[in-house]
Amino acid sequence: MMRLDELIEQAGTIAVLGHTNPDGDCIGSCLAVYNYIKERDASRKVTVYLEPVSAKFAYLSGYDKIESVPEQCPKPDLCICLDSADKERLGMFKPYLDGALRSICIDHHVTNSGYAHENIIDANASSACELLYLQLDEAAVSKRTAECLYTGIIHDSGVFKYSNTTARTLEIAGKLMKKGIDFSSIIDDSFYKKTYRQSQIMGRALLESVTFLNGTCVFSVVYKKDMDFYGVTRSDLDGIVEQLRLIDGVECAVFMYETDVMTYKVSLRSKYLVDVSRIAAFFGGGGHVRAAGCTMTGSVHDVINNLSAHIEKQLRENRENSDV
Ligand code: 5GP
Ligand code: MN
């Protein structure tokens with residue numbers, strides 16, 4: 001097994017990939033490895049390829065160097081894949097992995113099957129950033145790289161509150177704080193801050209949410225026409241499903257938004273009993289035990305009915321084995 005440092009050392013050109021609809025952990029891990037490589041050798045050809053990234057991450061060093069358009073026949077010496085559970089999640093940048101001489105995947109999704117040459121997968125890690133940190137030379141992690149890593153960790157751990165947070169997560173966060181980062185601003189500006197429109201659409205989604213299975217589950221849906229009305233895009237919907245999950249008595253929250261005719265991007269969250277990654281995987285998606293997603297087709301009624309059957313089954317089975 002080759003170490004990340006060795007692979008980087010031997011590569012002339014490096015492509016760094018994340019997943020479609022990039023989130024804080026994806027962006028943070030990609031830019032962290034970019035800064036880490038560039039700071040050690042500015043002449044090294046390394047490029048981060050991601051779908052357009054939300055402007056709220058513009059404070060991260062390297063943000064303005066992100067490429068959003070793939071080349072024709074890419075052949076990088078090394079392809080580094082971060083936070084992406086499978087090849088398909090690499091989206092339009094998948095050819096970089098296929099054309100690469102060598103590849104390494106660093107990821108924390110249970111559903112990851114190890115699609116690169118070298119695979120560092122740990123489903124117990126809070127984030128790809130936590131795993132990536134463990135691969136880096138601690139002394140060579142700069143304040144800028146620390147800002148990227150800290151951003152990824154707080155996003156995937158919900159600012160250290162999700163069940164994926166461990167003592168190791170906090171130890172690493174502590175080491176990153178020691179690099180002099182402005183952690184309060186990072187948390188406020190990239191995680192909690194909302195534009196007026198984002199607040200409005202969240203309010204609307206909460207107002208129109210519906211509970212099912214005797215109040216143990218809740219769902220809400222945002223249609224394309226609503227998104228157009230409020231002038232929002234999919235990234236403006238971040239945080240809605242987490243808010244639904246917080247509702248008293250709710251074990252499982254479902255949030256979905258329309259991406260096409262009869263097509264919905266579904267986000268699933270749970271508290272204690274339901275393994276939502278299994279449900280998402282059944283419908284062609286994936287993710288983690290308490291946070292997962294997939295794309296589903298049909299009417300909203302169909303989608304909820306299909307999900308509900310799986311949730312109910314798990315609730316029934318898991319209640320028998322627990323006293324929650
Ligand atoms: P979210 O609900 O925030 O979009 O995603 C929650 C988690 O599930 C994330 O870790 C994300 O990587 C994963 N996830 C969401 N959608 C999909 C999907 O369509 N396929 C796979 N494999 N994972 C997904
Ligand atoms: Mn992640």
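The values are calculated or read from the model by the stated rules, or taken from the named source; none is laboratory data. If you're wondering where the values come from, they're calculated on a predicted model, not measured in any experiment. So basically every Cβ, Gly included, is an ideal-geometry build from the backbone, and we count neighbours across all protein chains shown.
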Pairs please, first residue from region 117-134 and within 21 Å of Pro76 (Cβ to Cβ) and away from ligand 1 (no atom under 16 Å from the Cβ), second anywhere and assigned to a strand (DSSP E or B) and among the hydroxyl-bearing types (Ser, Thr, Tyr), Cβ atoms under 8 Å, 6+ apart in sequence or on different chains.
His117/Ser103; Glu118/Ser103
May I ask you to list the residues in region 239-274 that are within 13 Å of Met202 (Cα to Cα) and surrounded by fewer than 19 Cβ atoms within 10 Å (Cβ to Cβ)?
Gly239, Glu242, Gln243
Unmet requirement for Phe229, which otherwise passes all of (1) surrounded by fewer than 24 Cβ atoms within 10 Å (Cβ to Cβ); (2) in contact with a His (Cβ under 6 Å, 6 or more places away or on another chain); (3) not hydroxyl-bearing (Ser, Thr, Tyr):
(2)
Hey, Leu213 closer than 22 Å to Val254 by Cα and modelled with pLDDT of 95 or more or not
yes
Single residue of region 266-293 satisfying the filter (more than 16 Å from ligand 2 (Cβ to nearest atom) and touching a helix residue (DSSP H, G or I) at 6+ places or on another chain (Cβ under 6 Å)) that is farthest from Asp86 (Cα to Cα):
Leu273
When every residue in region 22-47 that is within 16 Å of ligand 2 (Cβ to nearest atom) and among the aliphatic types (A, V, I, L, M) is compared, the one nearest to Ala11 (Cα to Cα) is Val33
For Ser184, indicate whether it is hydroxyl-bearing (Ser, Thr, Tyr), loosely packed, with under 15 Cβ neighbours inside 10 Å and assigned by TED's automatic domain parsing to the domain that holds Glu9.
yes
Of the residues that make up region 156-167, is at least one among the β-branched types (Val, Ile, Thr) and crowded, with 19+ Cβ neighbours inside 10 Å?
yes
Examine region 78-92 for a residue that is assigned by TED's automatic domain parsing to the domain that holds Glu130, of a type in the set (Asp, Glu), surrounded by 15 or more Cβ atoms within 10 Å (Cβ to Cβ) and not in a loop (DSSP other than H, G, I, E, B), and state whether such a residue exists.
no
Residue that is farthest from Ser127 (Cα to Cα) [pool: residues in region 277-298 that are of a type in the set (Gly, Ala, Ser) and surrounded by fewer than 17 Cβ atoms within 10 Å (Cβ to Cβ)]
Gly298
Restricting to region 143-155, name every residue that is away from ligand 1 (no atom under 14 Å from the Cβ) and surrounded by 16 or more Cβ atoms within 10 Å (Cβ to Cβ).
Arg144, Thr145, Ala146, Glu147, Cys148, Leu149, Tyr150, Thr151, Ile154
Pairs under 9 Å by beta carbon, first residue assigned by TED's automatic domain parsing to the domain that holds Gly284 in region 99-112, partner within 13 Å of ligand 2 (Cβ to nearest atom), six or more apart or different chains?
none
Of all residues in region 148-195 being in contact with a Lys or Arg (Cβ under 8 Å, 6 or more places away or on another chain) and assigned to a helix (DSSP H, G or I), which is farthest from Gln135 (Cα to Cα)?
Asp189
For region 115-147, the count of residues that are assigned to a helix (DSSP H, G or I), of a type in the set (S, T, N, Q) and under 19 Å from Ser84 (Cα atoms) equals 1
